[in-house]
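**Q** Okay, handing you the structure first.
Here, each number is a calculation from the coordinates, and none is a lab measurement. If you're wondering where the values come from, they're calculated on a predicted model, not measured in any experiment.
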Amino acid sequence: MDAKGEMLTLATQCAKTLSLLFLIYLMGCLGFSFSWILLAFVVWIWRKRYIREKTDKFSVARAFAIDEEKEIKARHQFLPEWVLFPETERAEWVNKIIRQLWPFVGVYVGDYIKTKVEPSLRETFANTLKMSSFKFEVLNLGDVPLRVGGVSVFRESVSRHEIVMDMEVYYSGDCYFKVSMSKLKAGIKDIQFHAKVRVVLKPLVNVMPLVGGVQVYFLTVPDINFNLTEIANVFDFPGFADMLRKAITDYLCNMMLLPNKYSMKIMKDVSGILLHYPEPQGVLRVNIIEGKDLMKKDIGILGKSDPYCRISGKCRIRLIPGS
């Protein structure tokens with residue numbers, strides 16, 4: 001819609017609003033009861049909602065008529081994988097266990113942040129900003145637990161000494177965290193998280209607990225969203241909010257996005273090198289064949305292109321110079 005069309009739409013909405021206010025004023029001047037005014041207002045709201053629902057249904061039908069495949073894929077974006085892929089099993093029993101454990105998880109996370117994370121951050125802020133009053137005031141994971149959308153266990157193309165499973169993890173809970181530093185307070189709430197997680201149990205051994213260690217990592221870049229409160233709310237607008245989300249996403253990717261993995265030993269006899277530094281499964285070589293229409297970036301009459309190639313690999317960027 002162009003600027004002229006937007007101005008026309010805005011003028012039409014203003015005219016309708018002014019007409020409604022004038023009608024209410026006229027009914028008051030003519031001595032109509034307030035009940036009639038209220039009834040007219042309710043009827044107007046109902047009619048507006050009815051027209052909006054009718055328009056939405058028509059828009060959906062028109063979109064399906066134009067490109068059915070595109071609309072189906074768009075509307076299946078937030079469906080769990082077990083709905084779309086028969087090989088993915090519904091893990092409702094896992095969600096029931098998580099729901100039962102969630103209050104205890106909240107207590108554990110609160111204690112861990114208070115005893116481990118808070119002292120480290122306080123020391124960092126004291127050394128960099130000369131402010132040693134940092135603390136977590138509220139640590140509440142809420143009542144809505146994390147949810148597993150589906151589980152796939154692989155039986156082919158895997159070693160007999162490991163178990164490999166993929167999980168689709170969702171979180172859209174009512175958690176709330178609040179921090180303070182000096183007289184400044186900031187909070188974060190309504191965290192939304194969606195990621196494809198792979199869990200590898202290796203090596204399998206013939207003594208209890210039968211599993212020597214665990215590897216956990218993201219297969220794709222996690223989708224993260226949240227709302228900021230208190231003084232941090234000033235960053236919750238386009239630009240700053242995107243930068244903050246990108247910083248958090250990059251931190252998680254550098255820690256757990258493949259080829260980065262979070263590893264944990266279960267048995268003491270298991271080699272930590274096997275878990276933390278597994279052998280690479282292959283090597284990817286990329287050859288740049290040709291570049292066209294490169295801009296001249298050097299200053300001067302004899303300026304020429306100074307090309308380089310930027311390769312992105314799971315949040316890691318390597319620059320390869322060339323000329």
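**Q** Please give the Cα centre distance for the stretch 241-291 versus the stretch 199-216, rounded to the nearest Å.
**A** Value for the Cα centre distance between the two parts: 20 Å.
**Q** Let me ask something else about it. Can you tell me how the stretch 150-249 classifies by the Cα gyration tensor, rounded, prolate or oblate, using a/c under 1.5 as the rounded cut?
**A** prolate
**Q** Take the cross-link list K135/K265; K96/K265; K114/K246; K96/K246; K96/K196 and give me the ones stretching past 29 Å between alpha-carbons.
**A** Result: K135/K265; K96/K246 exceed 29 Å.
**Q** Find how much the distance from L204 to S159 grows on full extension, using 0.36 nm per residue of separation minus their present alpha carbon separation; answer in nm with one decimal.
**A** Full-extension gain reported as 15.2 nm.
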